[in-house]
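Inspection log for the structure reproduced underneath, given as structure tokens.
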Amino acid sequence: IINGFMRLFYYDGNGDEITTHIESHNRFITSFTNFIREIKSNENLACITNCEFYKIERSKLIELIDKNENFKNLSLVIFEQAAARTQIRANDLATLTADLRYKKLVEQQPEIIQNVPIQYIASYLGIKPQSLSRIRKQLIK
């Protein structure tokens, strides 16, 4: 992503959108498992704000990796970081309360709080927008 904010989401059994990733400039976003396996994903990618980004097909990425050792190393770092972020997010969802997940997001990624609509933030945190509004009100007191 060059500029802007994007999200990755899917629809649950009730038809509600579940946001799994929110990323901004200088970050990569994709359904990495599906990208690697080259299978259709049940996740959707959407711009939250006006965005400028680069897109690459897996076959083109493989060509670049085969031709350039530096690109191969960069790709490895990107996939390692993605795996680490996914693991941290899973741990946070399993072990932190909604209040603590929100506080962590505010501390570590305040740009998301400032630029992303509340319904996407709530979904990303695994809560309803009403619950996030309550948490935000309690923090202001």
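The values are calculated or read from the model by the stated rules, or taken from the named source; none is laboratory data. All of these numbers come straight from a predicted model, not from anything done at the bench. Cβ coordinates were reconstructed from backbone atoms using ideal geometry, including for glycine residues, and neighbour counts include every protein chain displayed. Accessible surface is based on the protein model in full, side chains and every heavy atom, while ligands, DNA and RNA are left aside. Shrake-Rupley method; radii C 1.70, N 1.55, O 1.52, S 1.80 Å.
Observations
- Carbon/sulfur fraction of accessible area - the chain, other protein chains in place, 1.4 Å, %: 52
- Relative contact order, whole percent, for the chain stands at 24, derived from Cα pairs under 8 Å and 6 or more residues apart.
- Within the stretch 1-53, the GluC sites (Glu not before Pro) that combine a DSSP coil assignment with at most 16 other C-beta atoms in a 10 angstrom radius are GLU38.
- Residue-normalised accessible area of the chain, expressed per residue, 1.4 Å probe, Å²: 67
- The shape of the stretch 24-101 comes out prolate: with a ≥ b ≥ c from the C-alpha gyration tensor, a/c is at least 1.5 and a/b beats b/c.
- Taking the stretch 6-110 as the region of interest, the number of lysine pairs whose Cα atoms are within less than 27 Å, with members eight or more places apart or on different chains, is 7.
- Each Lys and Arg Cβ is given +1 and each Asp and Glu Cβ -1; about its Cα centre, the chain then shows a dipole of about 480 debye.
- Tensor-based shape of the stretch 1-53 (alpha-carbon gyration tensor, a/c under 1.5 rounded, otherwise prolate or oblate): oblate
- With a 1.4 Å probe rolled over the protein heavy atoms of all chains, the accessible area of LYS128, LYS103 falls in the order LYS128, LYS103, largest first.
- In the stretch 1-98, trypsin sites (Lys or Arg not before Pro) in a DSSP loop with at most 10 other beta-carbon atoms within 10 Å: LYS40, LYS55
- The chymotrypsin sites (Phe, Trp or Tyr not before Pro) of the stretch 31-125 meeting both criteria, a DSSP state outside H, G, I, E and B (loop) and at most 12 other C-beta atoms within 10 angstrom of the site's C-beta, are TYR54.
- Given R0 = 35 Å, the distance between the Cβ atoms of LEU93 and ILE62 translates into a calculated FRET efficiency of 0.60.
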